[in-house]
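Just below is one structure, and these are the notes that go with it.
Values quoted throughout were computed directly from the atomic coordinates according to the rules given, and no laboratory measurement underlies them. This is a predicted model, so every value here is computed, not measured. Because the Cβ atoms are built from the backbone with ideal geometry, glycine has one as well, and the counts that use them run over all protein chains shown.
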Amino acid sequence: MLRSAGRYDANTGGVSREAHVYINLSDEGRTHKCSPEFVNDLCDRIMPPAVEELNRRLGQGWAREIEPWLVLEGPALTFKILLVKLDGLELIDMSTLVNEVFNEYWEREIDRIPPE
């Protein structure tokens with residue numbers, strides 16, 4: 001989901017140079033109650049490599065803030081990311097790439113969830 005951050009940029013004629021993106025990662029088939037430690041560990045296994053890959057693909061300036069929200073049921077993770085528009089790229093295209101990368105790392109780790 002892409003939502004404009006509402007920042008006016010006079011240099012671009014008012015075109016938004018930033019947008020909030022919410023990446024929701026969950027396994028709808030599971031209703032497993034996980035410990036906070038497990039969910040924190042899951043976040044630690046997903047966020048750093050996803051950010052590293054995006055830094056390689058987009059450069060260091062693609063995001064200003066990344067805030068993880070942890071959900072114990074499921075488990076599920078949501079990442080609130082403030083994207084910064086890069087020259088030559090549209091925010092919607094950046095949002096799509098960020099979503100794909102975070103989902104790729106989620107898929108790698110989701111099978112490591114203990115059985116119910």
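Can you give the extra length, in nm with one decimal, that the chain gains between Ser26 and Asp44 once fully stretched, where that is 0.36 nm per residue apart less the Cα-Cα distance?
Values: separation 18, 0.36 × 18 = 6.48 nm, distance 1.55 nm.
Extra length available between Ser26 and Asp44 comes to 4.9 nm.
Per-residue counts of other Cβ atoms within 10 Å, averaged by peptide: what ranking do you get for 104-110, 35-41, highest first?
Descending packing order for the listed peptides: 104-110, 35-41.
Subtract the Cα-Cα distance of Arg108 and Glu37 from 0.36 nm times their separation in residues, and report this length gain in nm to one decimal. Don't skip to the end; give the middle numbers.
Working: separation 71, 0.36 × 71 = 25.56 nm, distance 1.88 nm.
Difference between extended and current length: 23.7 nm.
Order these by the 10 Å Cβ neighbour count, fewest first: Val71, Val51. Before the final figure, lay out each step's value.
Working: Val71 14, Val51 19.
In increasing order of surrounding Cβ atoms, one gets Val71, Val51.
Using a simple spin-label model with points 7 Å from Cα along the Cα→Cβ vector, what separation in nm is obtained for Arg17 and Leu70?
Going by the 7 Å Cα→Cβ label model, 3.5 nm.
Provide the packing ranking of 92-98, 78-84, 62-68, i.e. peptides ordered by the mean count of other C-beta atoms within 10 Å per residue, highest first.
Sorting 92-98, 78-84, 62-68 by mean packing, highest first, produces 78-84, 92-98, 62-68.
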